[in-house]
Amino acid sequence: MDYHRIFAQAIDRLHAEGRYRVFVDILRNKGSYPSARCFAGHNGPKPIVVWCSNDYLGMGQHPKVVAAMEEALHDVGAGSGGTRNIGGNTHYHVDLEAELADLHGKEAALLFTSGYISNEATLSTLGKLLPGCLIFSDMLNHASMIAGIRSSGCEKRVFRHNDLAHLEELLREAPTEAPKLIAFESVYSMDGDVAPIAAICDLADKYNAITYLDEVHAVGMYGPRGGGISERDAVAHRVTVIEGTLGKAFGVMGGYVAADRNIIDVVRSYAPGFIFTTSLSPVLAAGVLASVRHLKESAAEREAQQANAATLKRLFAEAGLPAMASATHIVPLLVGCPVKAKRISDILLAEYGIYVQPINFPTVPRGTERLRFTPGPHHDEAMMRELTGALAEIWDRLEMRAAA
């Protein structure tokens with residue numbers, strides 16, 4: 001068996017399809033984000049502007065967050081010391097879980113080291129504990145949700161994206177007595193569209209199902225206190241389990257689920273992805289705690305971010321660029337070819353000091369490759385006009401307008 005050849009061929013296939021991933025070596029500039037430095041050559045760092053970060057509100061740079069992490073570092077040190085069960089349970093974790101439960105109006109919450117793990121661990125655990133459970137999954141659910149559903153061993157029924165009629169058809173066909181779980185997201189990160197949460201909850205009530213809502217791209221971003229789309233639409237109380245991340249709008253790292261005490265206790269007690277993993281560093285937990293508390297009280301970051309997203313969409317439209325329809329803070333620009341998406345990204349970085357990564361299969365379907373922009377509250381209008389002008393020039397250079 002030629003192991004080396006097999007692995008080399010796997011990488012060669014990615015190169016041939018134009019979707020081999022290249023990680024750009026950058027450092028953000030504390031206090032002046034979205035400015036950063038790129039180490040792309042041999043002439044030292046080059047200044048760039050970051051346009052694709054999921055630190056949507058710039059909270060990873062917020063003085064309150066940085067100060068809280070520095071204080072925790074000097075108070076308790078760097079690491080947590082182990083799993084929550086053995087030596088890694090600190091008061092920072094306890095406080096943060098209480099704050100997150102309150103954010104969503106739930107009885108309890110549970111921290112994980114990432115949003116991926118919180119989805120995978122929770123969905124797999126709930127599915128395994130519900131005998132004969134059927135899981136109804138939106139076809140555009142995140143890979144972490146798909147992994148959790150697969151790990152649960154449950155039968156999966158996939159419904160067309162945000163298609164209530166198809167979901168009801170599948171629910172109607174299911175055995176009445178079977179446990180049912182509907183798994184879906186609030187904001188879908190690649191298209192920027194939003195799930196009809198209330199209508200899905202109506203179907204859950206009608207067919208005696210529980211609901212699992214991934215709010216990863218919405219927590220901190222929507223609602224009076226940043227509780228997500230479910231808070232904005234006043235339906236959080238109807239959702240059984242709400243999952244979120246601490247690494248996007250909250251600007252640090254980690255994931256969590258919030259639900260009633262029994263469900264959280266079940267996941268805490270049965271999920272291997274929680275039990276056997278070193279807990280989140282208390283330094284990170286302290287930073288998130290400061291971020292969550294700030295965004296519960298401050299809408300300034302959300303309002304500025306939404307205003308900038310609207311401005312960028314308008315500028316793209318005026319320039320005749322193929323921006324995809326989006327009802328949220330995510331601004332995707334359709335390219336439709338992995339090779340061209342990478343080429344545009346490379347030109348932006350090399351010639352304009354603009355950093356945005358191409359989004360290719362399997363993150364999005366083939367033929368829908370795109371550049372995904374996430375304007376934040378600190379991207380000013382001059383930056384947005386420079387970006388738009390650069391894209392328009394590249395579109396003309398590559399003769400992409402006629403192709404579109």
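The values are calculated or read from the model by the stated rules, or taken from the named source; none is laboratory data. All of these numbers come straight from a predicted model, not from anything done at the bench. For neighbour counting, all protein chains shown are included, and Cβ atoms are generated from backbone atoms with ideal geometry for every residue, glycine included. Ligands, DNA and RNA are stripped out before the accessible areas are found, and what is left, the full protein with its side chains, is counted by its heavy atoms. Shrake-Rupley method; radii C 1.70, N 1.55, O 1.52, S 1.80 Å.
Using a 1.4 Å probe and counting only protein heavy atoms, arrange Arg343, Arg19 so the residue with the most accessible area comes first.
Details: Arg343 120, Arg19 45 Å².
The ranking, largest first, comes out as Arg343, Arg19.
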_Total formal charge among the other residues, if their Cβ is under 11 angstrom from that of Glu215, Lys/Arg +1 and Asp/Glu -1_ = -2
*Run the 1.4 Å probe and let me know the accessible area of Glu351, rounded to the nearest 10 Å².*
110
*Distance from the Cα centre of segment 191-230 to that of segment 1-76, in angstrom?*
30
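So for segment 282-399, averaging the separation of alpha carbon pairs under 8 Å that are six or more residues apart and normalising by length, what relative contact order in percent results?
Details: 143 pairs, mean separation 33.6, N = 118.
Rounded, it is 28 percent for segment 282-399.
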*Report, for the chain, the % of DSSP beta bridges that are antiparallel, rounded to 5.*
55
*Percent relative contact order of the chain, based on C-alpha pairs within less than 8 angstrom and at least six residues apart?*
21
_Checking the cross-link filter: which lysines have an alpha carbon closer than 25 Å to that of Lys340, excluding same-chain neighbours under 8 positions apart?_
Lys46, Lys313
*Going by average Cβ neighbours within 10 Å, how do the peptides 23-32, 197-206 rank, with the highest at the top?*
197-206, 23-32
_Sequence-distant lysines (8 or more away, or on other chains) whose Cα lies within less than 19 Å of Lys64_ = Lys30, Lys248, Lys296
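For Arg37 and Glu351, what does the FRET efficiency come to when R0 = 22 Å and r is the distance between their Cβ atoms, rounded to the nearest 0.05?
Numbers: r = 17 Å, r/R0 = 0.77.
Once rounded, the FRET efficiency stands at 0.85.
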